[in-house]
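The values are calculated or read from the model by the stated rules, or taken from the named source; none is laboratory data. All values reported here derive from a predicted model rather than from experimental measurement. With ideal geometry, Cβ positions are generated from the backbone for all residues, glycine too; neighbour counts draw on all protein chains shown.
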Amino acid sequence: MRRSLARSNLTRRSLLRGVLGGGTVALGLPWLEAVAQAAPRSSTPESGPVRMAALFMPNGVHPDMWTPEGTGRNFQLSPTLSPLEAYKDNLLVLTNLWNAASKPGDGHYVKCAGFLTSTTITKTLGHDISANGVSMDQIAAARLGDRTPLPSLELCTAPVKTGVDRNVGYTRVYGSHIAWKGPTQPLAREIDPRQAYERLFRATQPATDSAKRDLLLLDRVLDDAKALKKDLGVEDRLRMDEYLSVVRSLEQRLDRASKPGKSPWKPKAPVKLEEAPEGVPEAFPEHMRLMLDVMALAFQTDTTRISTFMMGASVSNVNMSFIEGVDGSHHSISHHQQDPDEMRQYQLINRWHIEQYGYLLGKLQSIQEGERTLLDNSMILLGSGFRDGQQHNPHNLPIVVAGKAGGRIDSGQHLVYGEDSPLSNLYVSMLEAFGSPVERFADSTGPLQGVLKA
């Protein structure tokens, strides 16, 4: 007899979980108030497909240490960006972009949750969360995500925060999400590198019998989810309906995989279970690198072509004292109040994040795909939702894009735009380069000039 789902026992990890072939398979629920309260244009096979990633860097940057000197192709990287010198020809540094929709609202949450949607999130204490839009990565996933076992992969280094930030009147859930499948459906992020790795392993196994067993498990998950709906409030039922639509999409993919000859996808590289990380390491730098390794492997194997990674949740206060010259926590130091020593440490933290970005670029560049590298076939966005952590200023955002998107991105430039040019124009350009063009996205006015090759 299937166990009952008592309301008092609702947790994301325990709610919809099944055992398959001696291992555990978990499907993450959408964020639910009840849970919170209880706990490309086509490429040839030789050239490789285009991949797209968005990395979110919390707490802004030292505003005077980010912008390169010079414009166009004649530019010098700034002190913060200098770790990327080896990848300069693969970079676009973009100056004077802003997210106009994130200007209303205090603090971090509007700038984080709306980073990839270019919309203004609903101010709420938790019962009616909404980004009021779909994130640009999920626009791409909705169009092309069925070409790979995982439509997209969401990663982070910190668990979802719940409760309310009384200083600004927003639920902390907003600070944990940048990827939105629907206006009220933030996507679950994986924070354990082993579990993320095992997702790739399962996805790359072509065994028909495995797909059939997964379908049986999915049927049980759907039964449990339907039984749960009667115990939810109105808002949570809406979120559950959206969740079930995603699960049914997964069910269709598994059905195709269970039929011989019906699933043409094959992994481009092996994923060996014995090479899986042990779990979440105690050292934050190692945790960061392992998550970047997983993203690189996901792209190398073609398990997914779309990924997001939150280097930290919004208002991240990770102790950064492992960096030489830093003594304190990230969020606290970002509120530097113009103190020279605090600003010096702030810049060192920013530079460390850029070094991690460079680590990912190096991994991608080392992987050959025909005559190109995986970095050549990718576009990897890195940015923050505001510029200066002291002011929470959404003007002139720190934004950089690496990779050539299979030759579609005109990289190797520092592009300076008119003051307050829409960040959403960059997203229009990236979606075009990925092969999922849109006429408009949020407040866009068109593609961002100079990004795409003519």
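For the stretch 327-346, name all the residues that are polar (S, T, N, Q) and surrounded by 20 or more Cβ atoms within 10 Å (Cβ to Cβ).
SER334, GLN345
Any residue that is of a type in the set (Phe, Trp, Tyr), under 30 Å from GLY105 (Cα atoms) and modelled with pLDDT of 90 or more - is there at least one of those in the stretch 197-211?
no
Here is a list: LEU92, LEU125, LEU84. Which entry is crowded, with 23+ Cβ neighbours inside 10 Å and either of a type in the set (Val, Ile, Thr) or at negative phi (or both)?
Sole residue among the options that is crowded, with 23+ Cβ neighbours inside 10 Å and either of a type in the set (Val, Ile, Thr) or at negative phi (or both): LEU92.
Looking at ALA196, ALA141, which one is closer than 26 Å to ARG440 by Cα and among the aliphatic types (A, V, I, L, M)?
On the way: ALA196 fails: closer than 26 Å to ARG440 by Cα.
On inspection, the qualifying residue turns out to be ALA141.
Cβ-Cβ distance below 8 Å, separation of 6 or more or different chains: which pairs start in the stretch 319-346 with a residue that is assigned by TED's automatic domain parsing to the domain that holds ARG387 and end on one that is among the basic types (Lys, Arg)?
The qualifying pairs are GLY325/ARG344.
Residue under question is THR67, and the condition is that it be outside any loop (DSSP other than H, G, I, E, B) and in the same structural domain as MET291 (by TED's automatic domain parsing); does it hold?
Criteria not met by THR67.
Is it the case that the stretch 282-302 has a residue that's closer than 19 Å to PRO58 by Cα and in a loop (DSSP other than H, G, I, E, B)?
Yes: the stretch 282-302 contains one or more residues that are closer than 19 Å to PRO58 by Cα and in a loop (DSSP other than H, G, I, E, B).
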